[in-house]
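Taking it in order: structure first as structure tokens, then the write-up.
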Amino acid sequence: MNQKNVIKEIKDNICCLTINRPKHLNALNKNTIKELGLEIINAQKDKSNRCIIITGSENKAFVAGADIKEFISFTKIEGEKLARKGQEELFDVIENSNTPVIAAINGFALGGGLELAIACHIRVASENAKMGLPEVSLGLIPGYGGTQRLASLVGKGKALEMIATAGMISADEAKQWGLVNHVCLQQDLMEKSINIAKKISKNSPMAISKSIRCINSGFTPGTNGFEVEKIEFGSCFATPEFIEGTTAFIEKRKPNFSNIG
Ligand code: CAA
């Protein structure tokens, strides 16, 4: 039987997706991109999932990039298609997921692997993690959204330095840069990520998905994020989750958003 490229485990309404190509340092080949994209779409459809965590198998790599061996003899057209398909099938799907996605970065996050982490909404790194975009050392550029998302996270100057030097930074440097939200010991990585997911799970999924949409719209050319926020704010009113949240406040109890909608 073929080994699955992505392993799914659901516990406490948190869907954990582990990229399972340890012999290739979890490099993203075509099939893994497709499988992971479909798992994210399915996880979002199941409303009992309140958060998604993506991590890499074993303890050396989150993802060491796109699978270089797969594209080595590609033509221009095939190369463009690889980037377009990957972005559409996976990276854009993650960024626009209604359900928040956390990257638990457990080792090397390089090239397409760092691009995967930065398409996620929240990043937690283990202290041994190393991050970089080494594509220019291969005569390539980042093709899974890295030139755009890295610059919006850390600014143009740092993004260009990381891309042009093809260097790697440590988890602590990534935290200083604002590239990752938290750094912890490797043995604590999943617990730390699950704790964030559990905090998210207590809040209104409807309001969280609208927050994701508003934040993303601020980074979408031609879209006025403030206008989107006004509309989305209004659209929360009178919804069952708004009624539960505000009623719970008045009744001095914790809101319960499970089983609504
Ligand atoms: N693609 C395919 N195979 C990869 C890979 C990748 N991105 N990264 C690692 N591997 C494979 C290696 O070829 C090796 O396989 P074999 O045992 O069959 O030779 C196995 O994983 C273990 O890797 P190493 O022996 O190289 O391990 P190491 O500890 O010596 O080095 C590393 C670790 C520094 C991460 C090194 O593997 C490395 O530099 N990997 C490539 C990183 C990279 O350049 N990523 C960018 C890819 S291009 C991209 O992502 C384009 C895009 O934006 C769309």
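The values are calculated or read from the model by the stated rules, or taken from the named source; none is laboratory data. Fair warning: this is a prediction, and the values are worked out from it, not measured in the lab. We place every Cβ from the backbone using ideal geometry, glycine too, and count neighbours over all the protein chains shown.
Exactly one residue out of ALA125, ALA109, ALA103, ALA117 is modelled with pLDDT of 95 or more, closer than 13 Å to SER193 by Cβ and within 13 Å of the ligand (Cβ to nearest atom): that is ALA117. The C-beta contact set for region 158-174 (first residue within 15 Å of ILE141 (Cβ to Cβ), second residue surrounded by 18 or more Cβ atoms within 10 Å (Cβ to Cβ), distance under 6 angstrom, 6+ apart or interchain) comprises ALA159/LEU150; MET162/LEU133; ILE163/LEU133; ALA166/PRO134. Report whether or not VAL136 is over 26 Å from GLU35 (Cα atoms), of a type outside the set (Lys, Arg), within 15 Å of the ligand (Cβ to nearest atom) and touching a residue at least 12 places away in the same chain (Cβ under 8 Å). It is true that VAL136 is over 26 Å from GLU35 (Cα atoms), of a type outside the set (Lys, Arg), within 15 Å of the ligand (Cβ to nearest atom) and touching a residue at least 12 places away in the same chain (Cβ under 8 Å). Answer yes or no: is there a residue in region 152-168 that is within 26 Å of ALA43 (Cβ to Cβ) and more than 9 Å from the ligand (Cβ to nearest atom). Yes: region 152-168 contains one or more residues that are within 26 Å of ALA43 (Cβ to Cβ) and more than 9 Å from the ligand (Cβ to nearest atom). Selection of first residues in region 142-155 that are assigned by TED's automatic domain parsing to the domain that holds ALA174 and over 9 Å from GLU115 (Cβ atoms) and of second residues that are more than 6 Å from the ligand (Cβ to nearest atom) and of a type in the set (S, T, N, Q), restricted to Cβ pairs under 8 Å at least 6 apart or on distinct chains, gives an empty result. Does GLY65 count as under 16 Å from the mean Cα position of the chain (by Cα) and either without any contact (Cβ under 8 Å) to a residue 40 or more places away in the chain or assigned by TED's automatic domain parsing to the domain that holds GLY167 (or both)? In short, yes.
For region 84-100, a residue qualifies if it is within 17 Å of VAL6 (Cα to Cα) and more than 9 Å from the ligand (Cβ to nearest atom), and the qualifying residues are GLU89, LEU90, PHE91, VAL93, ILE94.
Each row is one residue, and each column tells you yes or no for (1) crowded, with 18+ Cβ neighbours inside 10 Å; (2) in contact with an Asp or Glu (Cβ under 6 Å, 6 or more places away or on another chain); (3) over 30 Å from ALA248 (Cβ atoms); (4) among the aromatic types (Phe, Trp, Tyr).
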position	(1), (2), (3), (4)
GLN148	no, no, yes, no
ALA151	no, no, yes, no
ILE163	yes, no, yes, no
SER193	yes, no, no, no
ILE208	yes, no, no, no
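Considering only residues of region 202-257 that are touching a residue at least 24 places away in the same chain (Cβ under 8 Å) and of a type in the set (S, T, N, Q), which is nearest to ALA151 (Cα to Cα)? Among them, the one singled out is ASN216.
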